[in-house]
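Everything below concerns the one structure shown next.
The values are calculated or read from the model by the stated rules, or taken from the named source; none is laboratory data. Everything numeric here is computed off the predicted structure, so don't read it as measured data. Positions of Cβ are generated from backbone atoms using ideal geometry, with glycine treated the same way; all protein chains shown enter the neighbour counts. Calculation scope for accessible area: heavy atoms of the full protein, side chains included, ligands and nucleic acids excluded. Shrake-Rupley method; radii C 1.70, N 1.55, O 1.52, S 1.80 Å.
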Amino acid sequence: MFIQSFESLNASPAASQVSEFKLANGLQVVVVPDHRSPVVTHYVWYRVGSADEPPGVSGIAHFLEHLMFKSTDKIASGAFSKIVARLGGQDNAFTSHDVTAYFQRISKDRLETMMEMEADRMVNLKLTEKEVATERDVILEERRSRTENSPSSLLTEQVSTALYQNHPYRIPIIGWMHEMAKLSRDDALAFYRRFYAPNNAIVIVAGDVTVEEVKALPQATYGPLKPNPDIKTRLRPQEPPHRAARRVELKDPRAGNASVRRFYLAPSIPNAAEGEAEALYLLMKILANGTTSRLYQKLVVEEKIASSAGGWYSGTGLDSGSLGIYAVAVEGGDLDKLEAGVDRVLHELREKGVTADELERAKKAFIADFIYESDSQSALARRYGEGLLIGQTIEQINDWPAAIAKVTAEDVKRAAVKHIDIRRSVTGRLIPVAPEPESGALKPASGRS
């Protein structure tokens with residue numbers, strides 16, 4: 001009965017009506033009908049992210065994402081989002097290691113206008129030196145506020161960087177500060193001309209439309225754009241075998257309680273063996289997701305040596321994924337004792353596996369998440385965009401719940417034994433320390449008092 005509930009989702013209206021087609025210039029278009037409200041979500045996904053950046057210009061993918069809201073011949077600098085808002089919509093964009101995406105949520109009668117605007121900036125972006133300088137200050141401030149001023153974020157960045165010995169995933173998406181400060185107009189335009197083209201993009205339209213209604217619009221708007229013949233399949237440096245565990249320690253007076261985190265290199269959905277990624281998702285749900293997880297129950301509830309604990313599986317990377325766990329010590333807690341506690345939980349999972357009840361609860365949690373996500377038009381658009389960008393077919397995306405349902409307790413244990421391997425890990429420690437005296441502080445006077 002439980003497995004049948006998973007399989008029945010494949011017959012849901014959203015899944016069964018999804019269609020795709022391709023224009024002559026190589027643009028891939030996907031339509032996800034959702035007639036619950038008279039609005040649409042329009043996404044443009046580019047097959048380029050921070051892991052595709054040339055050496056020395058880290059952060060250029062994210063920087064270009066910001067600059068895409070500047071001017072073309074048709075749209076004044078900064079006017080793009082104002083036009084969307086004036087038409088009653090919302091828009092935004094994001095950059096990851098593997099993709100850059102732009103989206104608008106708007107009434108269906110404005111869809112053609114959104115396509116016209118996105119098609120325009122796909123090939124006609126104009127940048128002035130002033131625009132570049134202003135936006136460069138914005139991204140530098142973003143890094144300062146989100147990373148440089150957060151000890152926890154700094155440690156996560158250092159652990160992530162140490163996890164990859166050769167692959168560009170080791171470089172933070174936002175970039176390194178010293179390279180971001182030098183990003184230029186020429187850098188941005190070179191990256192733009194190399195990767196932004198219809199044959200390197202996927203357009204997703206989710207909402208109150210049919211395939212027949214949508215089909216003519218991309219042809220009229222994106223269709224006249226010329227493809228870039230230099231677009232090639234992405235080939236990135238790959239990881240060598242990992243043979244030794246690595247450790248990172250960050251001492252910072254701004255840190256709160258001491259904490260420990262560990263990342264393991266793991267396969268992602270595109271390169272995992274059949275059923276392996278699904279087993280890893282369930283493994284981490286049982287081990288580290290939420291207050292009922294093994295890690296939380298053992299360290300926080302029973303032993304009371306942690307104030308919080310959790311973890312995740314990142315499985316949507318194009319080239320690889322990772323497992324992550326963390327635990328924050330109670331005030332004044334012993335970090336060695338906390339790390340030993342984490343190791344005990346991991347060892348028990350590797351040795352004994354998971355129970356049938358744990359596995360069933362984890363599967364039910366995933367099916368609930370899948371159903372709730374299907375209620376969100378934007379989430380539906382993102383589901384298909386992310387899946388297609390890592391090489392999945394629409395059928396594979398729709399069949400994901402059934403794939404989860406097939407996972408056995410033996411599959412989960414096998415995944416734990418194989419991938420919770422200390423030799424493929426980086427352990428990071430965040431240690432609060434007393435602040436150093438200010439450079440201008442008064443020193444005791446010498447001589448007579």
Discussion item. Whole angstrom only: what separates the Cα centroid of the range 387-434 from the Cα centroid of the range 319-361?
Written reply: 14
Worksheet item: What percent do you get for the relative contact order of the chain when only Cα pairs under 8 Å and 6+ apart count?
Response: 22
Discussion item. How large is log10 of I(q)/I(0) for the range 169-280 at q = 0.12, 0.15, 0.19 Å⁻¹ when the intensity is taken from the Debye formula with one equal scatterer per alpha-carbon?
Written reply: -0.91, -1.14, -1.22
Worksheet entry | the range 87-148: Cα Rg divided by the 2.2 N^0.38 Å rule of thumb | 1.41
Worksheet, complete the sentence: Cross-link reach from Lys232 to lysines, straight Cα distance under 21 Å and at least 8 residues apart if same chain, gives Lys22
Item to complete: From zero up to wherever the largest Cα-Cα distance of the range 358-442 sits, split into 10 Å bins and tell me the percent of pairs in each.
Response: 12, 26, 26, 16, 8, 9, 3, 0
Worksheet, complete the sentence: Amide H contacts under 5 Å for Ser307, restricted to residues at least 5 apart in sequence or on another chain and with H modeled in the peptide plane, are Val328, Ala329, Val330
Worksheet item: Check Val209: other-chain or 5+ apart residues with amide H under 5 Å from its amide H, H built from backbone geometry?
Response: Asp34
Fill in: Column: log10 I(q)/I(0), Debye, Cα scatterers of the range 29-100, q = 0.12, 0.13, 0.17, 0.24 Å⁻¹
-0.45, -0.53, -0.82, -1.12
Worksheet entry | Counting all C-alpha pairs of the range 255-400, share separated by more than 25 Å (%) | 36
Worksheet item: Given 0.36 nm per residue, what is the gain on full extension from Ser376 to Asp336 after removing their alpha carbon distance, in nm?
Response: 10.0 nm
Discussion item. Bins of 10 Å, beginning at zero and ending with the bin holding the largest distance: percent of Cα pairs per bin for the chain, please.
Written reply: 4, 18, 26, 26, 18, 7, 2, 1, 0, 0
Worksheet, complete the sentence: By the mean-Cβ-within-10 Å protection proxy, highest first, 141-152, 314-325, 57-68 rank as 57-68, 314-325, 141-152
Response to the item:
Under 5 Å from the placed amide H of Val354, counting only residues 5+ away or on other chains, we find Lys413
Worksheet entry | Debye-sum result for the range 83-186 in log10 I(q)/I(0), which assumes one identical scatterer on each alpha carbon, at q = 0.12, 0.16, 0.19 Å⁻¹ | -0.60, -0.94, -1.10
Item to complete: Give me the accessible area per residue for the chain, probe 1.4 Å, as a whole number in Å².
Response: 47
Worksheet item: Using θ = phi - 60° and the Karplus form 6.51 cos²θ - 1.76 cosθ + 1.60, what ³J(HN,Hα) does each residue of the range 190-206 get, whole Hz, x for Gly and Pro?
Response: 5, 5, 4, 5, 7, 10, 8, 6, x, 7, 10, 9, 10, 9, 10, 10, 10
Practice prompt. Could you please put Phe69, Phe80 in sequence from largest to smallest accessible area, using a 1.4 Å probe?
Written response: Phe69, Phe80
Worksheet item: What number of lysine-lysine pairs in the range 306-449 show an alpha-carbon separation below 16 angstrom, given a sequence spacing of 8 or more or placement on distinct chains?
Response: 5
Worksheet item: How much length, in nm to one decimal, is gained on full extension between Trp176 and Val138, taken as 0.36 nm per residue of separation minus their Cα-Cα distance?
Response: 12.2 nm
Fill in: In Hz, Karplus ³J(HN,Hα) per residue of the range 387-404 (6.51, -1.76, 1.60; θ = phi - 60°; x = Gly, Pro)
x, 5, 5, 9, x, 7, 8, 4, 4, 5, 5, 5, 8, 4, x, 5, 5, 4
Response to the item:
Of every hundred units of 1.4 Å-probe accessible area on the chain, the number belonging to carbon and sulfur atoms, as a percent, is 52
Worksheet item: Placing +1 at every Lys and Arg Cβ and -1 at every Asp and Glu Cβ, with all other atoms neutral, what dipole size does the range 86-179 have around its Cα centre, in debye to the nearest 20?
Response: 160
Worksheet item: Expressed as cubic angstrom per residue, what is the convex hull volume of the alpha carbon set of the range 214-314?
Response: 275
